Amino acid sequence: MTAHAHALGMRPREAVEAVLGLLRAQGQRITGARTAVVEALAHIGGHPSADELVDRVRRQHPTIHRATVYRTLDTLADLGVVTHVRVGDGASTYHLALDATRPSHLHAKCRDCGRIVDLPGDLLDRVVDRLARERDFALDPAHVALSGRCRACRDVPS
């Protein structure tokens, strides 16, 4: 089971079927490019960038163009079945999302080594609620990575 299929609580094949089912329920077409991108996201480990996804998709489906993968990622994000996360320096990573209203997990990135750590999806719920109540601000923590230092980097002597 990959990290993100696991975060969804299912095996990659089950995650693919669940996401394609959500698209069908929305009346969306299931194109070859959409299926290829969803499969790549379900099977690839870690937090892939768009370029890593392009490479994975093109290995399996050489006729799918790079621009098609980028457009498909944007469309799937707009449809709520893919989440993109900004991890600093303008870079983004992607993963499947079965509930656009509640993230399955959040992210933290070590500013020293670049490691990305999955955090519980409800970790910032109290902050989200407080900002909504006190500042009339709708925080969307699923699309950014918190910054800090992982244990390994903190334990390295200066």
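The values are calculated or read from the model by the stated rules, or taken from the named source; none is laboratory data. Bear in mind that the values here come from a model prediction, so they are computed numbers and not experimental data. Positions of Cβ are backbone-derived with ideal geometry, glycine not excepted, and every protein chain shown enters the neighbour counts. Just the protein is used for accessible areas: all its heavy atoms, side chains included, with ligands, DNA and RNA removed. Shrake-Rupley method; radii C 1.70, N 1.55, O 1.52, S 1.80 Å.
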Next on the checklist: Condition first: under 24 Å from VAL81 (Cα atoms) and acidic (Asp, Glu). Can you find one or more residues in the range 113-122 that meet it?
Outcome noted: yes
Checklist entry - In this structure, is VAL19 closer than 22 Å to ALA142 by Cα, β-branched (Val, Ile, Thr) and modelled with pLDDT under 95? => result yes
Checklist outcome for this item: A careful count of residues in the range 120-144 that are touching a Leu at 6+ places or on another chain (Cβ under 8 Å) and either in contact (Cβ under 8 Å) with a residue 40 or more places away in the chain or of a type in the set (Phe, Trp, Tyr) (or both) gives 2
Checklist entry - If you go through the range 114-137 one residue at a time, how many are outside any helix (DSSP H, G or I) and within 20 Å of the chain's Cα centre (by Cα)? => result 11
Checklist entry - Can you name the residue in the range 112-150 that is at pLDDT below 90 and among the charged types (D, E, K, R) and, of all such residues, is most open to solvent (accessible area, probe 1.4 Å)? => result ARG115
Checklist entry - Is there any pair with a first residue in the range 47-66 that is closer than 16 Å to THR31 by Cα and a second that is of a type in the set (Asp, Glu) and assigned to a helix (DSSP H, G or I) whose Cβ atoms are under 9 Å apart and which are 6 or more apart or on different chains, and what are they? => result VAL57/GLU39; GLN60/GLU39; ARG66/ASP51
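Yes or no, residue by residue, for (1) assigned to a loop (DSSP other than H, G, I, E, B); (2) out of contact with any Leu (no Cβ under 9 Å at 6 or more places or on another chain); (3) farther than 27 Å from LYS109 by Cβ:
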residue: ARG34; (1), (2), (3): no, no, yes
residue: VAL37; (1), (2), (3): no, no, no
residue: ASP51; (1), (2), (3): no, yes, no
residue: ASP55; (1), (2), (3): no, yes, no
residue: THR68; (1), (2), (3): no, yes, yes
residue: ARG71; (1), (2), (3): no, yes, no
residue: ALA77; (1), (2), (3): no, yes, no
residue: GLY80; (1), (2), (3): yes, no, no
Item to check | Candidate set from the range 55-72 (those that are farther than 15 Å from VAL82 by Cα and β-branched (Val, Ile, Thr)); member that is surrounded by the fewest Cβ atoms within 10 Å (Cβ to Cβ) | outcome: THR63
Next on the checklist: Going residue by residue through the range 80-99, is there one that turns out to be open to solvent by less than 40 Å² (accessible area, probe 1.4 Å), modelled with pLDDT of 90 or more, more than 11 Å from the chain's Cα centre (by Cα) and among the hydrophobic types (A, V, I, L, M, F, W, C)?
Outcome noted: no
Item to check | Total residues in the range 47-77, condition among the charged types (D, E, K, R) and either in contact with a Phe, Trp or Tyr (Cβ under 7 Å, 6 or more places away or on another chain) or within 27 Å of ASP140 (Cα to Cα) (or both) | outcome: 4
Checklist entry - Given the structure, is SER49 of a type in the set (Gly, Ala, Ser), open to solvent by less than 40 Å² (accessible area, probe 1.4 Å) and modelled with pLDDT of 90 or more? => result yes
Checklist entry - In the set ALA108, ALA18, which member is touching a residue at least 12 places away in the same chain (Cβ under 8 Å), part of a helix (DSSP H, G or I) and aliphatic (A, V, I, L, M)? => result ALA18
Item to check | Filter result for THR93 (within 24 Å of MET10 (Cα to Cα) and in a helix (DSSP H, G or I)) | outcome: no
